[in-house]
Amino acid sequence: MKKWLVLALCAVVALAGWKPVPKEPEGLALVRVLGVDGSGPITLTAVCGGEDQEEPGRGQCTEVDFESALERLPWSGEEELSLTSVSYIIVGRDVDLKTVLLAALRNEELGASATVWLAEEGAAALLEGCGDPASGLDLIKRQEIEAPTVVEALAKLERGEVLSLPLLAGEKPSLIDWEEWRSGE
């Protein structure tokens with residue numbers, strides 16, 4: 001009886017450390033970076049990514065508002081795009097940030113944990129020039145540079161506080177500065 005108990009315990013310990021590796025479902029690309037430009041019409045730029053992808057999938061669409069653009073975005077690329085893995089939201093200076101953050105928070109796929117960044121020349125322009133922006137942003141995060149999450153940024157704007165967003169430019173992208181965003185902007 002002790003042998004079976006020991007074998008069962010070993011099996012439980014071995015299985016406890018095992019995690020399946022998440023994979024993209026066939027024909028579905030996981031968006032890691034979402035770019036937002038404009039306050040009406042809104043242009044969304046999606047870039048998929050991950051270490052296992054040679055060339056990240058991309059999609060882009062323009063609609064009258066953020067919610068409409070989110071609905072159309074999954075079918076704007078060469079394969080269906082999923083917004084369930086968005087880690088980074090990059091905004092242009094011309095967005096209605098409070099509206100975008102509130103819509104992102106209400107969206108079941110996007111959620112509150114994506115971090116918010118500002119693109120110096122606009123999100124679409126930044127993302128078009130980047131091969132794999134998620135890897136560049138991952139590198140910035142490993143340097144202990146903390147961008148606010150959607151919920152943190154929205155809370156600051158709702159309280160009328162100054163929100164500091166990391167300002168990005170370049171091909172990696174690279175952090176070039178921090179910029180203050182006030183709730184009236």
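Quick note: the coordinates plus some simple rules give every number you see, no bench work behind them. Note that the structure is a prediction, hence the values are computed from the model and not measured. Glycine gets a Cβ as well: all are built from the backbone with ideal geometry, and neighbour counts include every protein chain shown.
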Among the residues of the range 154-169, write down those that are of a type outside the set (D, E, K, R) and touching a helix residue (DSSP H, G or I) at 6+ places or on another chain (Cβ under 8 Å).
-> Leu154, Leu157, Val162, Leu163, Leu165, Pro166, Leu168, Ala169
Would you call Val31 crowded, with 17+ Cβ neighbours inside 10 Å, touching a residue at least 40 places away in the same chain (Cβ under 8 Å) and closer than 24 Å to Ser164 by Cα?
-> no
Would you list the strands (runs of 3 or more DSSP E) that sit entirely within the range 73-185 and hold 2 or more residues that are surrounded by fewer than 20 Cβ atoms within 10 Å (Cβ to Cβ) and touching a strand residue (DSSP E or B) at 6+ places or on another chain (Cβ under 6 Å)?
-> 80-82, 163-169, 174-181
On the given criteria, is Asp132 among the charged types (D, E, K, R), in contact (Cβ under 8 Å) with a residue 60 or more places away in the chain and farther than 15 Å from Leu102 by Cβ?
-> yes
Which members of the range 62-71 meet the condition of being closer than 19 Å to Leu127 by Cα and in a helix (DSSP H, G or I)?
-> Phe66, Ala69, Leu70
Cβ-Cβ below 6 Å, separation at least six or inter-chain, first residue in the range 72-89 and of a type in the set (A, V, I, L, M, F, W, C), second surrounded by fewer than 19 Cβ atoms within 10 Å (Cβ to Cβ): which pairs?
-> Leu83/Glu109
Subset of the range 81-104, residues in contact with a helix residue (DSSP H, G or I) (Cβ under 9 Å, 6 or more places away or on another chain) and among the basic types (Lys, Arg), comes to Lys98
